[in-house]
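Chemist: Sharing a structure here in structure tokens format.
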Amino acid sequence: SFQNYSIRPVGTDHTGNRYGEVSIYQCRLCKAFWLDYFYENNYTESGRWFRGRIPEAFSKTILPEQAVAYLEQLDEYFYGGSYFRTTGARGKGKLHL
């Protein structure tokens, strides 16, 4: 539940005109930090999100333009949204933007 997280917007990734919204989530229970990337365009069922765990230090310095590359190098991340027709699944490697 989103009630268990504090959310801090980082900004918009303008790389390649994709306009992805980047935020940092911190779990109120375990204090873990998560990098969140949300993207959608003007098409039906285009919404998608990606979320991966990050170190606290990186949560303070990441720029929106770094988010995709960082998520793609993680051992795993979570993804979901109307584009994938799932509320959440595990993934790794290239993000499907």
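The values are calculated or read from the model by the stated rules, or taken from the named source; none is laboratory data. A quick note: this is a predicted structure, and the numbers were derived from the prediction, not measured. So basically every Cβ, Gly included, is an ideal-geometry build from the backbone, and we count neighbours across all protein chains shown. Ligands, DNA and RNA are excluded from the accessible area calculation, which covers all protein heavy atoms including side chains. Shrake-Rupley method; radii C 1.70, N 1.55, O 1.52, S 1.80 Å.
Chemist: Given the C-alpha centroids of the range 4-19 and the range 22-97, what is the distance between them in whole angstrom?
Modeler: Cα centroid of the range 4-19 versus Cα centroid of the range 22-97: 10 Å apart.
Chemist: So, in nm, how far is label residue 19 from label residue 96 when the simple model puts each one 7 Å beyond its Cα toward the Cβ?
Modeler: 2.3
Chemist: Show me, for the range 2-10, the HN-Hα J-couplings you get by feeding each phi into the Karplus relation (A = 6.51, B = -1.76, C = 1.60, θ = phi - 60°), rounded to Hz, glycine and proline as x.
Modeler: Per residue, the Karplus-derived 3J(HN,Hα) values read 5, 5, 8, 10, 9, 10, 10, x, 9 Hz.
Chemist: Let me ask you something else. Given the options 58, 38, 78, state which has the largest fluctuation in a GNM of the chain using a 10 Å cut-off (strictly under) for Cα springs.
Modeler: Residue with maximal mean-square fluctuation among 58, 38, 78: 58.
Chemist: Next up: Looking at the chain as a GNM with Cα springs under 10 Å, which of 32, 67, 57 has the largest mean-square fluctuation?
Modeler: 57
Chemist: Now for a separate question. With every protein chain left in place and a probe of 1.4 Å, what is the accessible surface of residue 60, to the nearest 10 Å²?
Modeler: Answer for residue 60: close to 150 Å² accessible.
Chemist: Tell me the accessible surface of residue 51 in square angstrom (1.4 angstrom probe, heavy atoms of protein chains only), to the nearest ten.
Modeler: The accessible area comes out at roughly 50 Å².
Chemist: State the percentage of accessible surface on the chain attributable to carbon and sulfur atoms; use a 1.4 Å probe and exclude ligands, DNA and RNA.
Modeler: For the chain, the apolar C and S fraction of the accessible surface comes to 50 percent.
Chemist: Considering only protein heavy atoms, what is the solvent-accessible area of residue 63 at a probe of 1.4 Å, reported in Å² to the nearest 10?
Modeler: 90
Chemist: For the chain, taking Cα atoms only, what is the radius of gyration to one decimal and the Dmax to the nearest whole Å?
Modeler: Spelled out, the Cα radius of gyration and Dmax of the chain are 12.7, 37 Å.
Chemist: Between residue 7 and residue 57, with labels modelled 7 Å along Cα→Cβ, what's the label distance in nm to one decimal, could you check?
Modeler: In this crude label model, residue 7 to residue 57 measures out at 2.9 nm.
Chemist: Using helices alone, what [θ] at 222 nm do you get for the chain, with -39,500 (n - 2.57) per DSSP H run of 4 or more residues, divided over all residues and rounded to the nearest 500?
Modeler: Values: 2 runs with 11 residues, N = 97.
My calculation for the chain gives -2500 deg cm²/dmol from helical runs alone.
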